[in-house]
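Input: a single structure, listed below in structure tokens.
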Amino acid sequence: MKKPIKVVAAMLAATMALSMAACGKDSKETEKKWTAPSGTGETTVATTAEETTTAETTAAADGSDASGADANADGNANSGSLQLKNLKGAVPEPNCKIEFKKQEDRYHYNMDLTLDTENNTIGGHVELTFFNDSDKDWEKLCLRDYSSLFINAQTAGYDGALDTNGALTKIENITDGRSNETLKLDRETDVSVVWLSLSKALAPGEKMTLSYDFEAKIPTVADRYGVDDGVFNITNFYPILAEYTKDGWSHEKYYGCGECFFSEISDYDVKITTKDDMVLLTTGLENGEEKKDGMKTQSFHADCVRDFVFCASSKFKLVEGDYKDTHIRVAYTEDDLPEANKMLADESLRAAVDSLSAFGAAFGEYPYKDLEVIITPISAGGMEYPNLVIITKNVDKETAADTASFKELCKNTADYIVSHEIGHQWFMGIIGSNSGMQPWLDESFASYTEIVYDLYVYPDSGRYTPPTDEELEAARKATEDFIKQQEGGGDDAVAPVFAFHSMFFNETTAKFLKAQGLTPVNRAYYAYPDDFTYVESVYQIGKEAIFNIGETLGRDEFYGIIREYIQRNAFTNADQSDFFEVLYELAGTDNEQLNEMMAAYFDENGQPQKVS
């Protein structure tokens with residue numbers, strides 16, 4: 001997720017407003033458990049979070065030998081299956097294991113990097129071993145060089161005349177390991193798209209090693225890639241092999257409002273050299289460190305991930321905890337508000353543990369040994385990467401001065417943003433997709449995990465009780481008032497549409513969403529007229545669409561369907577047809593209530609006649 005701060009604030013405000021207005025019940029933590037809506041299913045599965053311990057430290061945590069689950073010989077991840085009343089087939093049990101892709105089916109990146117904090121550069125030598133996993137010859141390769149987009153504000157997706165202090169990435173000594181031939185690169189007008197022509201095509205199933213040296217400039221911006229106030233967010237920083245699809249190499253235009261990266265599952269062995277006072281948090285686990293002359297080189301290994309990223313600062317403090325076999329670290333900077341920043345870090349750790357517990361039960365257990373949460377100023381609510389999420393640092397003296405309201409702000413940031421970003425570990429990480437072309441598979445599902453989390457942590461809140469007729473009528477009137485206000489213009493006109501309609505499916509809601517251009521939700525990013533409509537449609541209405549599928553079928557039944565979808569497509573790049581196939585196979589194509597709702601939220605690709 002990467003949404004502008006103004007939109008994030010509006011969404012949090014709307015979420016809290018809807019929560020307070022729901023049923024007048026007090027929100028309190030009780031035993032965490034799954035319960036299907038009345039009359040929709042037979043199974044209730046109780047689960048409790050592992051006890052969590054936290055410790056503050058000023059140095060990096062010790063490394064570990066393993067970085068995740070090992071795939072067994074037959075690839076069967078299920079310890080058992082579950083038959084639920086309203087489904088036409090068995091589904092994996094809650095808390096099922098999600099197996100890694102077989103090692104021989106993964107690419108491998110070997111990197112030797114240097115982070116130069118004086119000159120704001122990251123670079124080094126890369127060796128990528130991969131194979132042609134298509135049925136066509138590859139006569140050329142496509143790399144995505146996202147760091148070059150920061151040569152100016154416009155190409156990086158910013159408004160105005162922001163000075164990014166970026167530069168084109170230097171890519172040199174590009175070599176085809178099959179022949180040791182040096183390859184020439186060609187850039188498109190979109191400087192993030194780099195083409196390499198091969199003198200000998202790579203045949204289907206054939207393996208090769210591509211090596212190159214690079215140096216990327218780190219922009220001086222508070223963003224998912226950049227340096228600000230001594231914190232380096234080093235993400236999407238190296239030229240990465242693009243994804244090859246049935247339509248050829250994917251090289252859609254970059255956009256800054258959301259996840260737009262698309263790559264293949266790989267293993268990573270990475271060495272990073274930098275000043276010895278820098279604390280690094282990365283994808284994967286540390287497996288070695290050497291220090292000399294004020295510098296250090298740390299080694300990291302990551303299994304079965306789509307990318308490698310890291311954050312670094314000499315100012316990082318850590319709070320740490322565990323969920324089952326996963327170690328969680330939350331990094332933050334104290335600045336001049338140590339207690340306030342520690343409060344946000346503690347709340348984020350709590351939410352991280354609860355997220356792994358909630359999503360493990362609903363979707364299958366998180367398969368990695370590590371999870372890093374970085375709290376730092378960025379121009380978004382948060383951003384997700386393999387084994388690592390970045391959360392915006394919204395702490396200042398004015399907000400921290402009101403202790404009660406600041407405590408509530410920290411809690412809501414953790415509950416709604418941390419949970420969303422960790423939800424991406426399943427919907428972006430475990431199941432990949434082309435987020436530019438089908439963003440709902442990524443962002444709508446991750447937004448839906450906010451509800452899964454909320455139902456798990458606050459089961460008695462009443463936030464998801466269907467509205468009464470009176471409440472629906474009040475929502476209709478508020479919608480009419482909102483439209484009049486919107487037509488009048490002014491700052492209030494950008495208030496989020498979703499604050500004024502019922503999130504439960506009904507005919508009025510369906511008409512309203514269509515009239516506002518918010519459905520269908522399964523459009524490409526590039527098909528939306530503007531970013532605000534995209535955010536509301538994909539993040540909020542898409543979340544509601546998925547939620548309503550669950551309310552129609554029963555929550556336990558729907559969690560089971562999602563687990564089956566994940567088991568079939570784990571560590572692949574899925575298409576929306578993969579989800580719809582599992583949905584209609586298990587729910588049937590003759591459920592009139594489901595079909596009516598699907599027709600309202602999705603285009604023809606999501607309808608049963610398209611799938612059956």
Highest-first arrangement of 231-242, 188-199, where packing means the average Cβ count within 10 Å = 231-242, 188-199
Mean-position separation - Cα centroids, the stretch 512-548 and the stretch 260-318, in angstrom | 36
Listed residues R224, R523 arranged by accessible area, highest first, probe 1.4 Å = R523, R224
To the nearest 0.05, what FRET efficiency results for D335 and E181 with a Förster distance of 30 Å applied to their C-beta separation?
-> 0.05
Tell me the label-point distance for the pair E408, S197, using the 7 Å Cα-to-Cβ offset, in nm and rounded to one decimal.
-> 6.4
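Using mean Cβ contacts within 10 Å as the protection proxy, how do 461-469, 398-406 order, highest first?
Result, highest mean Cβ count within 10 Å first: 461-469, 398-406.
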Rg and Dmax of the stretch 163-256 over Cα atoms: what are they, in angstrom?
-> 15.7, 48
Sorted peptide list for 88-95, 303-310, criterion being average Cβ within 10 angstrom, highest first = 303-310, 88-95
What is the gain in length, in nm to one decimal, between D325 and Q607 on full extension, counting 0.36 nm per residue of separation less the C-alpha to C-alpha distance?
-> 97.5 nm
Which percent of the accessible area of the stretch 163-308 is formed by carbon and sulfur heavy atoms (probe 1.4 angstrom)?
-> 45
For the stretch 240-282, what is the largest minus smallest coordinate of the Cα atoms on each principal axis, given in angstrom and ordered from greatest to least?
-> 46, 26, 12
Could you sort E289, E139 by accessible area so the largest value comes first, with the probe set to 1.4 Å?
-> E139, E289
Top to bottom by accessible area (1.4 Å), largest first, where do E365, E259, E104 land?
-> E104, E365, E259
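N110 to K514: FRET efficiency via 1/(1 + (r/R0)^6), r the Cβ-Cβ distance, R0 35 Å, to the nearest 0.05?
Between N110 and K514 the formula returns 0.10.
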May I ask you to give the percent of accessible area on the stretch 544-605 that is carbon plus sulfur, with a probe radius of 1.4 Å?
-> 34
Could you give the semi-axes, largest first, of the ellipsoid that matches the stretch 370-475, computed as the square roots of 5 times the alpha carbon gyration tensor eigenvalues and rounded to whole Å?
-> 25, 23, 13
Any number yet on Rg/Rh for the stretch 546-612, C-alpha, Kirkwood?
-> 0.94
Tail fraction, Cα-Cα pairs, the stretch 99-165, threshold 13 Å, whole percent | 79
Difference of contour (0.36 nm per residue) and Cα-Cα distance, T245 to D190 | 17.8 nm
Net charge near A216 (other residues with Cβ under 11 Å of its Cβ; Lys, Arg +1; Asp, Glu -1) is -1
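The values are calculated or read from the model by the stated rules, or taken from the named source; none is laboratory data. These figures come from a predicted structure and were not determined experimentally. Heads up, the Cβs are rebuilt from the backbone with ideal geometry, glycines too, and the neighbour counts pull from every protein chain shown. The area values use the complete protein model at the heavy-atom level, side chains included, leaving out ligands, DNA and RNA. Shrake-Rupley method; radii C 1.70, N 1.55, O 1.52, S 1.80 Å.
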